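First the structure, in the form of structure tokens, and then the observations on it.
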Amino acid sequence: MAELRLENSIVDERYLLERCMGRGSYAEIFLAYDRKHDEAAVVIKALNTQLQGSLDVDLQQTLIENFQNEAVALDKVRHPQIIRRLNHGTASDLEGTMFHYLVLEYMAGGDMLSLCSKAPFSLREALFYFEQVAEALAYAHSQGVIHRDVKPKNLLLSADYKTVKICDFGVAKITQSSNLQITRVGAEAYAPPEHHPDSEGEASHELLTFSADVYSLAKTIYTAMTGRAPRQFSRKPLAYLTPELEEQPWGVALLAILRKATATPVRERYTTVQEFWADFAELKDYLAEDDPEKTEVRARLKGTSNVERPKSQPDFQVASAGAKFVPQARIVVELQNRSKPPEPEPRNGTNGESQGSNQQNKLGDGAERYHVRQNSIVKEEKKPKRIIIRERALLDDVRSVIQSPWSRRAFVLLWILVVVGILWGVYSHFADRSFKSNEAVIFNTGGRVNIRSEPRVTAGNQLTDLPSGTKVRILQEDGSWSKVKIIEVPDGSAVSADTGWIKNDFIRKD
């Protein structure tokens, strides 16, 4: 598996990639910060066609077309409840591997699956969150886009847990018709039979319609309200709920709505999100009339959007030997870890509206913001300002030189020379200190001093005599004698020998 090397790097001289948040079959998701927009947190979705191994050119082209299709679909369905595409580009990682990427909006609250796994949604919460999802799907369908992968993992939450947005339009289909025959995709418990790869018989010949998203939405609601995936109902309609939900006064009505939405024959389902939501929104009548925190839910969806579409769209190409130059990511030095987004906190108590009288969460605007979780009121702390990651230009330049194949050997040789030079300098320093510690001066108040060939008066020959003040270096000691080497004669007179033995009585060390 050839993963992209992008952690702690800067891409396109703009995006500081901090860490990888997840990997799919052919894409990697990174948390990043946009230096051109006050270090705002963003998501970098990088297409990695080599993530599952080497591919042929045709398959690479298909993956790139699908990646570009996701960008086009996101631009076509710009809506407050759909993740926005902020930018796109082509770059290469720290190893020089080329990749295409999309810059997406970041949602700090995590995905809905993580939230409902800790504590299943109450009816109030399901009405609050899924009205937003239904609004987004209604608008997407009005633009001819079928998501085809609605599930809790693809529903993201804001930091204050008030806003939910749909993400991952990677398998979305853009069509001008509500009747479309299409290749079946997905292997999730949320996929309708008509585009589930394991479907057989009549279901496998059904046409893809907008009701496919209604099917997946209904099974997503089941997971949100039970805390478990509907695996036992794969390619089947929802036949029953958990005992906790069935005991609720609205349990029978909820099951009837979800069962119709997940019917196997397309003709028996709700044909539009609007029809489905009109029935589901009626469940609000079961909430206490005197509840001051009663959730306001619209029975009819707007199906509109006032978010402006971007003008520039990606035009990705297959990487080739003749591809134009793309900027390579540069490593940066992280000074301090950034603060993490707040974690959802599970509420106490059991699932259901039996706890509705204790409901205190605030769904409207206000000075204080709280998590939208029943019996779990958590005041949101103001996050400290992020410490910006600053790159070191010198370190970047050195790293780029090291990575260049033509200069790698020269760089290694240079470091070897530097190390040898340092070692020689250390040796010379201590050797010089050692020599200086052995220097001495010959002195004799009576005149000159004889130097002999042996360390005794009776042995050896007299080599020469030296005047008092002659500088010598002691080479060896033998009892009361020392072997010396002449360094400097004070009167500059010539000597017949430069090395010999002399009695210690005539030697004075400095």
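We did not get these values from a lab; they are worked out from the coordinates using the rules stated. None of the values given here were measured: they were computed from a predicted structure. Counting neighbours? That spans all protein chains shown, and the Cβs are built from the backbone with ideal geometry, glycine included.
Taking the beta-carbon count within 10 Å as an exposure proxy, list E194, E95, E18 from fewest neighbours to most.
Exposure proxy ranking, most exposed first: E95, E18, E194.
Could you line up R19, R452 from fewest to most neighbouring Cβ atoms inside 10 Å? With the fewest neighbours first, R19, R452 line up as R19, R452. Between the stretch 133-158 and the stretch 471-498, what is the C-alpha centre distance in whole Å? So the two Cα centres are separated by 98 Å. In this Cβ point-charge picture (+1 for Lys and Arg, -1 for Asp and Glu), the stretch 439-509 has a dipole of about 100 debye about its Cα centre. In this rough spin-label picture, where each label sits 7 Å from Cα along the Cβ direction, the I416-D12 distance is 4.3 nm.
Close amide H contacts of E454 (hydrogens built in the peptide plane, cut-off under 5 Å, sequence separation of 5 or more or a different chain): N461, W501. Modelled this way, with points 7 Å down the Cα-to-C-beta line, the labels at L55 and R5 are 2.3 nm from one another.
Amide H contacts for W481 (H built 1.01 Å from N in the peptide plane; partners 5 or more residues away or on another chain; cut-off under 5 Å): N504.
Per-residue extension of 0.36 nm, minus the Cα-Cα distance of H429 and T62, leaves a gain of 125.4 nm for this segment. Compared with the direct C-alpha span, the chain from N444 to S468 gains 8.1 nm at full extension, assuming 0.36 nm per residue.
Let me have the relative contact order for the stretch 439-509, percent, based on Cα pairs under 8 Å that are six or more residues apart.
Working: 161 pairs, mean separation 25.9, N = 71.
In percent, rounded to a whole number, it is 36.
Between D38 and R309, what FRET efficiency comes out of the Förster formula 1/(1 + (r/R0)^6) with R0 = 30 Å and r the beta carbon distance, rounded to 0.05? That gives a FRET efficiency of 0.80. Under 5 Å between amide hydrogens, built in the peptide plane, is the criterion, and for H88 it picks out V103 among residues at least 5 positions away or on other chains.
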